[in-house]
Amino acid sequence: MTNAEVGMTVRHRRYVPYSHAHYAGNLVDGAYSLGLFGDVATEMCIRTDGDEGLFASYSDVQFHAPVRAGDVLEISCAVTRVGTRSRTLDFAVHVLARGAATPDRPGAAEVLDAPLLATSATGTVVVPA
């Protein structure tokens with residue numbers, strides 16, 4: 001029996017450590033967001049079906065803004081379709097806070113006035129019958 005309902009949402013928050021920066025400007029690769037989508041999808045499957053489920057596919061992935069080391073992210077996953085064994089999920093990564101280091105304040109950071117959409121995607125997971 002499933003508890004999956006359209007509109008059900010799971011959210012995670014994560015600090016991006018500097019050890020994850022791969023590019024100039026402390027940029028983090030796009031795969032980082034996809035890994036976070038896998039984490040929220042797993043929790044969603046556990047909550048809805050009592051199983052970790054399996055990721056079947058992405059039908060759309062868009063990178064809207066950079067993710068940087070020092071960011072605080074909120075990752076969301078919402079159910080948009082419930083099938084017999086599959087669920088369609090919408091994902092988003094928003095940047096809530098960002099490092100703002102300067103030479104005289106190397107640990108400076110700031111909360112953004114409004115969350116910044118960094119990555120979005122639609123995906124499909126499958127769960128046991």
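Couple of notes before you dig in:
- Any hit, the range 95-114, residues being in contact with a helix residue (DSSP H, G or I) (Cβ under 7 Å, 6 or more places away or on another chain) and more than 20 Å from H22 (Cα to Cα): no
- Pick from the range 90-129, criterion of a type in the set (D, E) and touching a strand residue (DSSP E or B) at 6+ places or on another chain (Cβ under 9 Å), ranking: farthest from A56 (Cα to Cα): E110
- Filtered residue count, the range 1-57, keeping only those that are among the acidic types (D, E), assigned to a loop (DSSP other than H, G, I, E, B) and under 14 Å from V127 (Cα atoms): 2
- Leading residue by the ranking (surrounded by the fewest Cβ atoms within 10 Å (Cβ to Cβ)) among those in the range 87-104 that are in contact with a Leu (Cβ under 9 Å, 6 or more places away or on another chain) and not basic (K, R): L96
- Under the condition of being over 11 Å from the mean Cα position of the chain (by Cα) and among the basic types (K, R), the residues counted in the range 12-48 number 1.
- Scanning the range 1-31 for residues that are touching a Leu at 6+ places or on another chain (Cβ under 9 Å) and within 17 Å of R98 (Cβ to Cβ) returns R13, R14, Y15, V16, A21.
Any read-out appearing in this document is the output of simple, stated calculations on the displayed coordinates, not a laboratory observation. Bear in mind that the values here come from a model prediction, so they are computed numbers and not experimental data. A quick note on method: Cβ atoms are made from the backbone with ideal geometry, for glycine too, and the neighbour counts reach across all protein chains shown.
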